[in-house]
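Remarks on the structure that follows.
Since every read-out is calculated from the coordinates, none of them should be taken as a lab result. These numbers were taken from a predicted model, which means no experiment stands behind them. When we count neighbours, we look across all protein chains shown, and the Cβ atoms used for this are built from the backbone with ideal geometry, even at glycine.
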Amino acid sequence: MLIKRIAKRDTPQVSQIHRDILKTGVISHMGISFLEKFYEILLEQKNIATFVAYEDNKVVAFATAAFDLKSIPRLIIQNLWQEILISLFKNPFLLYKLIQMPFYPSFKEHGQIGEIFSIAVLPQYQRSGIGTNLIMRCQKEFKRYKCKLFQLSVRRKIKSANKFYIKIGLEKKNQGKFLGEDIVFYQGKV
Ligand SMILES: CC(C)(COP(=O)(O)OP(=O)(O)OC[C@H]1O[C@@H](n2cnc3c(N)ncnc32)[C@H](O)[C@@H]1OP(=O)(O)O)[C@@H](O)C(=O)NCCC(=O)NCCS
């Protein structure tokens, strides 16, 4: 397994994995061209880093680490408004979720805490240590950002991911609700 920082050529594969594996998230519903542009924009941000895992000469997993995650809703609105309008035209029900997005607790000010925005491993490559290695790579990045802690959130009903976070030593901090779903917040040391 090779883990490296995302390059522009990886963005189509990362977008596809994001859409297929993290399918319940708001931005997955925005469609593949939105996701591709989203990851291209993240490439230019100094406080956000995406890492990809290569196996069999292709991207099989990725994780996005951020410091100051609250910049993401602004980035989306400023740079992706055309893609948003197209997605809303196709699916007007997305408007409610989109309006709520900036209020997601992870997008609030957290001080010197890093955040894992997303992590996904293709099913046939799960349980082989890739997720653990991606988290470790993100921790190294948080060190660069001078964070002492990092956090992430996950829907409570995704049992496998909750088990994974506990297994890798993260601590359950609190629980909340977002768009009617129970969300668990985990924290780890850098
Ligand atoms: C959660 C996820 C990122 C874990 O990645 P992974 O590469 O499979 O994890 P690892 O192989 O590093 O697993 C490390 C340990 O975590 C635990 N674990 C991982 N997946 C698990 C599962 N499905 N069920 C129970 N425990 C699990 C195990 O203890 C595992 O060690 P073991 O395989 O030796 O028993 C991956 O399964 C995934 O992409 N899931 C779908 C997307 C998702 O839920 N993302 C998180 C949303 S925020």
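Side notes on the structure shown:
- Residue-averaged 222 nm ellipticity for the chain, from DSSP H runs of 4+ at -39500 (n - 2.57), nearest 500: -11500 deg cm²/dmol
- Model label sites at Lys70 and Leu2, defined 7 Å from Cα along the beta-carbon direction, differ in position by 3.9 nm.
- Structural descriptor for the chain: relative contact order 20 percent, calculated from alpha carbon pairs under 8 angstrom and at least 6 residues apart.
- Long hydrophobic helices in the chain, taken as whole DSSP H segments with a C-alpha length of 24 Å or more on their own axis and mean Kyte-Doolittle hydropathy at least 0.0, are absent.
- Asn57 versus Arg155: modelled label distance in nm, points set 7 Å from Cα along the beta carbon direction: 3.6
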